[in-house]
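The values are calculated or read from the model by the stated rules, or taken from the named source; none is laboratory data. Keep in mind that this is a model prediction, so the values were computed, not measured. Glycine gets a Cβ as well: all are built from the backbone with ideal geometry, and neighbour counts include every protein chain shown. We work out accessible area using only protein heavy atoms, side chains counted, and drop any ligands, DNA or RNA first. Shrake-Rupley method; radii C 1.70, N 1.55, O 1.52, S 1.80 Å.
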Amino acid sequence: MKLIRSIILMLLIALSCSKNDNSSLPEESNEAVAVKLQFPLNNSECTTGVDQGADRILVGFQWAIAENDLYELVVENLSTNQISRTNTSNNSAEVQLEKNTPYQWYVVSSVSTSNSKIESERWKFYVAGQGISNYAPFPADLISPEEGANYSEDVQQLILEWQSSDIDDESISYDVFVGSENPPVEMVASDLVEPTFEFSTQLIGQKYWQIVTRDASGNSSYSKVGAFGIGDETGFISFEIQENGTTYSAVFEPESKEIRIQLGNFQYEKLAPQIVMKEGYSVNPASGEMFNFHDDLFYIVTDPKGNETRYDVIIESGQHEVESFKVQQGNEIYHGIINSETATITIEMGNFDYTNVTPIIELSNRATVEVSEVAPMDLTTPATFTVVSEIGTSKEFTVRAPIGMSRLISYFRNPGFEFSDAGWEDIGYKVFAGSTQYIYATNVQDRGQVTIELVNSSGNTFPLNNFRSSYFHQHSLETSSSTNSFNTVIPTDLPAGIYTLMIIEGSRIKTYPQQMEVINDDRVIRINSINKTDFVRGDTLVMTGVNLRKEFMVKTDGEFHTFNEYVYDLELNQDSTELRLPISNNTYNRLKSWGGTNEKPLAIQRSIEGYDYKLNSNVIYFNVN
């Protein structure tokens, strides 16, 4: 019995000792963990990556695995200060970088269950450059004063501190620049061997400082520009606008109560500055609000005591763009098409002399143009002019008004083709020798001086007969269109074969790669003559030619009308060389209702095997009175 009681007691003790107790297990953390960087190594030359061409390489970044949900890889080009950001849930990522360039990188870790974020260390490295055996020192990191620090006007001395390194382990020296301009241009110390300098403050206001680091081989690098203030507290730490990977930082003028910012060549209509204020200060409008920076803007700063100060925004524009380019000739206005990326302007103009053209140019805000290069222009060849921004940046634009052809069609229901600088793999268009073709051309000065030629594979040329031409122009406030049309005839004795086309006006020539096949065999239809051009009721229209058919088409007011033996009393002789159409009352009334007495084009069509469209004969013209 005692033995049983002992066993029961031992079981109870064992159960009490094995009770679930998770109090000793660590609680799940909601805090992000800073990762340890692994590659590229700190202060090293990176030679590993996938080559992307002459000046770029795809570099892989890696860091240690940690208890985080998301990582943001931040890579900064230390030469241009451009930053790339890559989000990933992995512990690695690839970024395309420039060769022979210094970079800094770090990783921002975050967790999804909280807003916790933390940065890793920051490492620097050089991307290897082909044939480079010695690299410039890394740009110096500015340590003190802290960015945006403000000191009493009673302060007479400040200690400037920084740090830098050189992957070639060469001795390095420093030049110190301090001044009221951004970037500073006044050198206050040179050839320092220690990364510190005692600066004597003299004038109150915003100050900027920068360190130039040099190695024994003569290579140099420039740090970022730091800012601090002496007296006259503004409350601003930074006022920045980021655009196209570049950060533009403002300069604060306490005495004139101005925020001065120098911007680049981009649109200013929708910009949202990021503003950082010192503790106790607030600004209105707030950071991140979007404005048109062409407008007169100002910000109100409230200090810790509730005092308000107005700061006007002063823009120094880096815009050097052309907003509009047009030419006016009489009542006609021609608008250029502007391609800002390629700095080209293409314009279609009418029939006048292009050697003495004075354009009307509208520029981006506060930009100027070198007028001596603009008026007048000779647009028979490409002409250039330069636009200069308020801060001196510039862009050279090239204006072109090239002669060219836009489209070729047969008159009756054959779509033809559009001209372009890209060729065809297959022959896409077929015509009969002797047929009429309609060609639309642009930028023709004098239609009477234009020649359109066919070119065979041997380079031999065959001029087309331009027997009619016309011109059409229309314009709005922003666009315009100017087109010349040429009625041309393929030579009747042209050898069958494959041809391309070119257009010539004096020394201006344009060739196109589009090919067409000319057919000159027993399938050709041709109208050699018409007995007269003006018909009245009771007359007979008589055509003579080759391979004539009891069917033809007339076009009036944009509509096509088919004449055949089932509707009209068409008469065709036995050898198909003469076709007759009596102008009966019925025929006369129909022709009269189709455009009245206006001239009417007529052509005969036929199908050929292996081609989706009908081929046309030459076109003749007649009317009814």
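Summary of values
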{"read-out": "Student exercise, the stretch 404-519 dipole from Lys, Arg, Asp, Glu Cβ charges, in Debye to nearest 20", "value": "300"}
{"read-out": "Amide H contacts of Ile519 (H built 1.01 Å from N, under 5 Å, at least 5 apart or other chain)", "value": "Val431, Phe432, Ala433"}
{"read-out": "Cα-only radius of gyration and Dmax that characterise the stretch 143-199, units Å", "value": "13.0, 43"}
{"read-out": "By accessible area with a 1.4 Å probe, ligands and nucleic acids excluded, highest first: order of Trp594, Trp63", "value": "Trp594, Trp63"}
{"read-out": "3J(HN,Hα) from dihedral phi, the stretch 196-201, Karplus parametrisation 6.51/-1.76/1.60, rounded to Hz, x for glycine, proline", "value": "7, 8, 8, 9, 8, 7"}
{"read-out": "Hypothetical label at Gln96: residues of the stretch 118-150 whose amide nitrogen lies under 20 Å (7 Å Cα-Cβ projection)", "value": "127-130"}
{"read-out": "0 to 90° range, to nearest 10: angle between helix 2-17 axis and the chain longest Cα axis", "value": "60"}
{"read-out": "Anchor Lys600: aspartates and glutamates whose Cα lies under 13 Å away (excluding residues fewer than 8 positions away in-chain)", "value": "Asp534, Asp557, Glu559"}
{"read-out": "Above-threshold pairs, the threshold being 30 Å between Cα atoms, out of Lys124/Lys395; Lys224/Lys395; Lys207/Lys395; Lys532/Lys614; Lys99/Lys510", "value": "Lys124/Lys395; Lys207/Lys395; Lys99/Lys510"}
{"read-out": "Net dipole in debye of the chain [+1 Lys, Arg Cβ; -1 Asp, Glu Cβ; about Cα centre; nearest 20]", "value": "3420"}
{"read-out": "Cβ-based charge dipole, the chain, positive-most Cα from Val35, Gly558, Ser133", "value": "Gly558"}
{"read-out": "Asn465 paired with Gln82, simple spin-label distance in nm, labels 7 Å along Cα-to-beta-carbon", "value": "6.0"}
{"read-out": "Dipole of the stretch 191-251, positive end: most advanced residue of Thr234, Ile211, Asn244 [Cβ charges, Cα centre]", "value": "Asn244"}
{"read-out": "P(r) of the stretch 37-127 over all Cα-Cα pairs, binned every 10 Å from zero, in whole percent", "value": "17, 51, 25, 6, 0"}
{"read-out": "Per-residue ³J(HN,Hα) for the stretch 318-334, Karplus 6.51 cos²θ - 1.76 cosθ + 1.60, θ = phi - 60°, Hz, x for Gly and Pro", "value": "x, 6, 9, 10, 9, 7, 8, 9, 9, 10, 10, 10, x, 8, 8, 10, 10"}
{"read-out": "Gain on full stretching of the segment that runs from Glu396 to Thr544 - 0.36 nm per residue minus C-alpha separation", "value": "47.3 nm"}
{"read-out": "Per residue, in Å², the accessible surface of the chain once ligands and nucleic acids are set aside, probe 1.4 Å", "value": "52"}
{"read-out": "Calculated FRET efficiency for the pair Ser110/Asp51, C-beta based, R₀ 35 Å, to 0.05", "value": "0.60"}
{"read-out": "Sequence of Asp539, Asp69, Asp557, Asp175 when ordered by accessible area, the most exposed leading, probe 1.4 angstrom", "value": "Asp557, Asp69, Asp539, Asp175"}
{"read-out": "Charge dipole (the stretch 526-624, unit charges on Cβ, about Cα centre) - positive-most of Asn547, Leu591, Val567", "value": "Leu591"}
{"read-out": "The chain - percent of accessible surface contributed by carbon and sulfur, probe 1.4 Å", "value": "45"}
{"read-out": "In the stretch 110-216, the GluC sites (Glu not before Pro) that fall in loop regions by DSSP, at most 16 other Cβ within 10 Å", "value": "Glu121, Glu146, Glu147, Glu153, Glu170, Glu181, Glu186"}
{"read-out": "The stretch 463-593 - convex hull of alpha carbons, volume per residue in Å³", "value": "185"}
{"read-out": "Accessible surface ranking that places the most exposed of Thr234, Thr342 first, with a 1.4 angstrom probe", "value": "Thr342, Thr234"}
{"read-out": "Theoretical gain in end-to-end length, Ile498 to Asp612 [0.36 nm per residue, Cα-Cα removed]", "value": "39.2 nm"}
{"read-out": "Part-to-part distance (alpha-carbon centres) for the stretch 77-153 and the stretch 387-447, which is given in Å", "value": "50"}
{"read-out": "Approximate spin-label separation Ala286-Gln157, in nm, with each point projected 7 Å along Cα-to-Cβ", "value": "4.5"}
{"read-out": "Percent breakdown of C-alpha pair distances by 10 Å bin, ordered from the shortest bin, for the stretch 404-519", "value": "13, 48, 32, 7, 1"}
{"read-out": "Separation in nanometres of the label points that stand 7 Å from Cα toward Cβ, at Gln274 and Ala149", "value": "2.3"}
{"read-out": "The chain: radius of gyration over Cα atoms, expressed as a fraction of 2.2 N^0.38 Å", "value": "1.58"}
{"read-out": "Computed lengthening from Phe39 to Leu192, 0.36 nm per intervening residue step minus Cα-Cα distance", "value": "51.8 nm"}
{"read-out": "Where N is the number of residues in the stretch 320-398, Cα Rg divided by 2.2 N^0.38 Å", "value": "1.06"}
{"read-out": "Solvent-accessible surface (1.4 angstrom probe) belonging to Lys592, in square angstrom, nearest 10", "value": "70"}
{"read-out": "Fraction of the pair-distance distribution of the stretch 526-624 above 23 Å, Cα-Cα pairs, percent", "value": "20"}
{"read-out": "Net charge of neighbours whose Cβ lies under 13 Å from the Cβ of Val276, counting Lys and Arg as +1 and Asp and Glu as -1", "value": "-3"}
{"read-out": "Environment charge of Tyr588, counting only residues whose C-beta is closer than 10 Å and scoring Lys/Arg +1, Asp/Glu -1", "value": "+2"}
